[in-house]
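Take a look at the structure below.
Bear in mind these aren't lab numbers, they're just calculated from the coordinates by the rules spelled out. All values derive from a computational prediction rather than experimental measurement.
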């Protein structure tokens, strides 16, 4: 119901209905039966749109939960890398002394 094919098909159907019922057809000018059909179609489209929106919200929620879990894992990894670099730094400083590291940095 959300494609160009549907829009063009609906327009062709409406034009055909109106042309076919100009003066002699079973649903004359005020097109009461056509109005009833279009009202039912609108009601069905509303329900379908609500179902699609709810599904899209569920997908977005699932993606947000996945992103949050990924961020937590990345945070843990960054913290462990930081601890390792602190340990490496303290090992280098304790082996060579504080003056040697300052000279190597310059």
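Helix 32-96 and the longest principal axis of the C-alpha atoms of the chain enclose an angle of approximately 0°. Seen against the Cα atoms of the chain and their longest principal axis, helix 4-20 is set at about 10 degrees. Would you compute the Debye intensity of the chain from its alpha-carbon atoms alone, equal scatterers and no solvent, and pass along log10 I(q)/I(0) at q = 0.10, 0.18, 0.23, 0.24 Å⁻¹ to two decimals? For the chain, the Cα-only Debye profile gives -0.61, -0.98, -1.17, -1.21. Using just its DSSP H runs of length 4 or more, each adding -39500 (n - 2.57), the chain gives a mean residue ellipticity at 222 nm of -30500 deg cm²/dmol after division by all residues.
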